[in-house]
Amino acid sequence: MKVLVMGAGAVGSVVGGFLAEAGHAVSLVGRERYMEAIRQHGLKIGGIWGEHHVSNLHTLLSVAEIEEKSIPLILITTKSFDTEEATSQVLPLVGGDTLVISLQNGLGNVETISRLVGDERTVGGRVMFGVELEREGHFLVTVCADRVMLGSPSARVPQERIAEVATAFTQAGIPAEATPHIQRFIWGKVLYNCCLNALSALLDTSYGELGEYPETREIIAAVISEVFALAQRRGVDLGFSSPAAYQEVFFNRLLPDTYSHHSSMLQDVKQGKKTEINAINGAVVRLGEEEGIATPANWLLTRLVQARERLSGGR
């Protein structure tokens with residue numbers, strides 16, 4: 001299967017690398033310093049999924065370098081604020097049988113992709129493994145809390161097609177599963193990220209340490225309550241009966257499973273980059289305003305990260 005990874009950073013490079021190692025024809029489109037390192041030395045992946053050196057990747061700086069008229073599987077792995085631009089760039093490669101999959105953080109990515117390529121080609125993905133950059137061309141898979149979940153938000157993509165992609169992921173070494181309830185998983189990931197990413201970035205600490213102190217646990221509990229209230233108002237089933245039921249799983253299973261991971265948001269603010277806060281806690285604030293749901297904890301975290309972006313030189 002021919003695969004294009006658009007925005008091959010940490011997650012995109014790992015997914016593309018594993019698929020290429022399994023025999024798929026994978027092209028990565030990413031930043032020059034990353035693509036050049038992979039072109040010269042191959043892609044190196046270490047961490048909890050073993051040591052891998054992948055040398056059969058096609059590395060590109062732009063989709064304009066691709067000669068094919070259509071590609072069956074396009075993975076969008078950019079930051080959320082680049083989703084529209086990335087999807088617009090791959091439009092010439094979208095054919096009648098193409099699936100475009102969002103493997104991104106935040107809310108709104110699937111809707112943006114669907115608006116541009118159509119519901120019948122759009123698949124949402126929920127990623128629960130963490131990747132950190134060791135150096136250009138070398139990534140570490142640090143944690144994995146659950147499988148990659150794939151599904152069609154509109155139910156217009158046949159389930160068997162999504163299952164084929166999930167099987168390809170799994171056979172390549174990335175546990176994955178097709179689901180008819182992808183919005184539950186996307187919102188669940190947003191809830192998880194709302195609890196951890198901003199606090200990790202602001203306090204410069206790992207996920208697990210955030211669960212060790214009553215002050216941070218209290219903030220996390222407030223964030224959970226706000227997201228649950230918003231999801232209920234919008235008719236989204238988070239898969240838990242109450243905020244308390246989610247807290248039990250969050251503090252006792254999800255957090256320990258990802259204890260040592262540092263958020264990509266922390267890496268972004270340290271490097272003076274723009275963060276995805278507006279698609280995570282900021283999206284909760286924006287939708288809360290639309291629905292008349294108060295979100296003071298998410299509002300404060302959003303504003304603090306935005307302030308840190310400015311202080312760190314982020315645009």
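Overview of values
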quantity: Links that overshoot a 19 Å alpha carbon limit, given the list Lys44/Lys189; Lys79/Lys189; Lys2/Lys44; calculated: Lys44/Lys189; Lys2/Lys44
quantity: Per residue, the convex hull volume that the Cα atoms of the chain enclose (Å³); calculated: 121 Å³
quantity: For Val3, distant residues with modelled amide H under 5 Å away; calculated: Ala25, Val26, Ser27
quantity: Which of Asp237, Asp82 has the fewest Cβ neighbours within 10 Å, and the rest in rising order; calculated: Asp237, Asp82
quantity: For the chain, built as a Gaussian network whose Cα springs stay under 10 Å, the top-fluctuating residue of Asn252, Asn281, Asn109; calculated: Asn252
quantity: The chain - charge dipole about Cα centre, Lys and Arg +1 at Cβ, Asp and Glu -1, debye rounded to 20; calculated: 320 debye
quantity: For Val54, Val305, Val165, order by how many other beta-carbon atoms lie within 10 Å, fewest first; calculated: Val54, Val165, Val305
quantity: Nonlocal amide H pairs with Glu134, under 5 Å, H built at 1.01 Å; calculated: Phe139, Leu140
quantity: P(r) histogram, all alpha-carbon pairs of the range 24-111 included - 10 Å bins from 0, percent; calculated: 15, 42, 35, 8
quantity: Residue exposure sequence - Lys189, Lys273, Lys69 - by fewest surrounding Cβ within 10 Å; calculated: Lys69, Lys273, Lys189
quantity: Charge context of Ile219, other residues only, Cβ under 15 angstrom, K/R +1, D/E -1; calculated: -3
quantity: Rg(Cα) / (2.2 N^0.38 Å) computed for the range 64-153, rounded to two decimals; calculated: 1.15
quantity: Net charge contributed by nearby residues that have their C-beta within less than 15 Å of Ala229 (K/R +1, D/E -1); calculated: -2
quantity: Contour excess over end-to-end distance, with Cα ends at Ala163 and Glu68 and 0.36 nm allotted per residue; calculated: 31.7 nm
quantity: Around Phe139: net Lys/Arg minus Asp/Glu count, Cβ-Cβ under 12 Å; calculated: -2
quantity: Unit charges on C-beta of K, R, D, E only; dipole of the range 2-179, Debye; calculated: 60 debye
quantity: The chain: most fluctuating residue of Ser70, Ser263, Ser200 per GNM, C-alpha cutoff 10 Å; calculated: Ser70
quantity: Estimated vicinal HN-Hα couplings, Hz - the range 152-164 in sequence order (Karplus 6.51, -1.76, 1.60; Gly, Pro = x); calculated: 9, x, 8, 6, 8, 8, x, 4, 5, 5, 5, 4, 4
quantity: Karplus-derived HN-Hα couplings along the range 270-281 (A = 6.51, B = -1.76, C = 1.60, θ = phi - 60°), whole Hz, x at Gly and Pro; calculated: 5, 9, x, 9, 5, 9, 9, 4, 5, 9, 10, 4
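Read-outs: derived from the displayed coordinates by stated rules, not from any lab. Everything quoted here is computed from the prediction, not taken from an experiment. Ideal geometry is used to build each Cβ from the backbone, glycine not excepted, and the neighbour counts take in all protein chains shown.
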